[in-house]
């Protein structure tokens, strides 16, 4: 077995088999050859370990390369198959992709082109295996539903379950960072297309001149730089789902072509002579007010109606605060593993601050806040001092609530100690950790501040003009 992986070459031309065998053995692969479909089928079924990549000729006396694709995927879904053909058509390419082929190459081909294609196929196989491993690892740790259990999210998820089995186009709207892509993935995973591709297209990230090619593909030589044929996102997602993210960024000229694709269920790549049918479910997402975009002429009304068959509005995080603790703890567990830090919990102060914060950046902002806090934390829990000032300040604005006596009563010493502790932390943060300045802010002497910190177990004594128990890079006070 070769160091880099195993390759099976299935072709009825002896000269081509020998050339490819020599080529890929020099590249460090272990190569097996088969003179036709039957021999290739037997090699696939009888190998003790699945091949990494299969190169199969399309037309052979005893069978088709498309049948090789079918057998290879039956034996090992992770095996990547590249079809070689001298009679390439769009229909053939689509049929190969439907059966699970990684790609196809037209004879005669440059060895450098095929070598690069095989390298990419092995990289994709490795990525698929790594994703499967990570997904299994994440599934053991994450809650079943990362989106939350608030009434607002339950209404969204109930609608997702109701529309998942259909093929109607879905428009997902919501503020930036609210979880629109995650909703789209949940919809795909809940559908009967879950075992087929899920492709995400960021319409705002593709240069306008390349949008048509990226979406619908292009023929080889269709324009400068088109060295090989490209299927495009829609045909790559055959049988599955395409998410058109940031659909409001799509140029008007492309909106017309997208409308036709949605109506006819056919695409024509740049430079192609004929259209080809597709079976793809289309989801679209935007953080814009689409109705206003239509009124201003920036978005076509007919396309809007075509996309807005089913509307899913993702609520902002501030409207589902019940989900904040669950999401925060999930992000904490994940970031602690990624940073290899023994941070296990959020302090009551930190949780209150998160609950009081408005989250203009929604779930994405919460994730970033927790990642920062984990990176800065010096103890086993995240305290108020580990949070950004705009978040910790939110807790301070809610402090008067602590002066309300709960119906069940309270421990007044504990409550007053908590208020004192919070004020000291904020003063230290504002003073960059310098206790002399923090004491002035609080209107007490340095001696009194040191005494109160010792009483509250907030750190050891330090020089009067040096940051006390603070992070050397940020100057933020260490949480207790």
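Read-outs: derived from the displayed coordinates by stated rules, not from any lab. Values in this document were obtained by computation on a predicted structure and should not be read as measured data. Here Cβ is always computed from backbone atoms with ideal geometry, including for glycine, and neighbour counts include all displayed protein chains.
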Checklist line | Isotropically averaged projected area of the range 1-77, using the convex hull of Cα atoms (one quarter of hull area), nm² | finding: 4.5 nm²
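Percent of Cα-Cα pairs more than 18 Å apart in the range 319-402, please. Don't skip to the end; give the middle numbers.
On the way: 1191 of 3486 pairs.
Here the tail beyond 18 Å accounts for 34 percent of pairs.
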Notebook entry, point to check: Could you list log10 I(q)/I(0) for the chain at q = 0.06 Å⁻¹, which the Debye formula gives when each Cα is one point scatterer?
Noted result: -0.43
Check: For the chain, what proportion of DSSP beta bridges, expressed in % and rounded to the nearest 5, is antiparallel?
Finding: 15 percent
Notebook entry, point to check: Counting only DSSP beta bridges with both residues in the range 6-133, what percent are antiparallel, rounded to the nearest 5?
Noted result: 10 percent
Checklist line | the chain: angle of helix 65-75 to the longest principal axis, Cα-based, in degrees nearest 10 | finding: 40 degrees
Margin query: Tell me the angle of helix 111-141 to the major Cα principal axis of the chain, expressed in degrees between 0 and 90 and rounded to the nearest ten.
Written below: 40 degrees
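Which three numbers, in whole Å and largest first, are the semi-axes of the equivalent ellipsoid of the range 270-427 derived from its Cα gyration tensor as √(5λ)?
Working through the eigenvalues yields semi-axes of 45, 21, 13 Å.
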Check: Hey, what D do you get for the range 64-113 in µm²/s if you plug the Kirkwood alpha-carbon radius into Stokes-Einstein at 37 °C and 0.692 mPa s?
Finding: 296 µm²/s
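Can you pull the Rg over Rh of the range 34-73, Cα-only, Kirkwood? Can you show the working numbers first?
Values: Rg = 9.3 Å, Rh = 10.0 Å.
Dividing the radius of gyration by the Kirkwood radius yields 0.92.
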Check: Quick one, what does Rg over Rh come out to for the range 159-314 if you take C-alpha atoms and the Kirkwood Rh?
Finding: 0.96
Margin query: For a protection proxy built on the mean count of beta-carbon atoms within 10 angstrom, sort 244-253, 190-199, 54-63 highest first, please.
Written below: 54-63, 244-253, 190-199
Item checked: Quarter of Cα convex hull surface for the range 6-133, i.e. mean projection, nm² -> 7.3 nm²
Next item on the list: Fewest Cβ neighbours within 10 Å first, please rank 419, 82, 94 accordingly.
Entry: 419, 94, 82
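Tell me the mean residue ellipticity at 222 nm calculated for the chain from its helices only (DSSP H runs of n ≥ 4, each -39500 (n - 2.57), averaged over every residue, nearest 500).
Computed ellipticity for the chain at 222 nm equals -14000 deg cm²/dmol.
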Next item on the list: Compute the acute angle (0 to 90°) between the alpha-carbon long axis of helix 446-455 and the principal axis of greatest extent of the alpha-carbon atoms of the chain; round to the nearest 10°.
Entry: 70 degrees
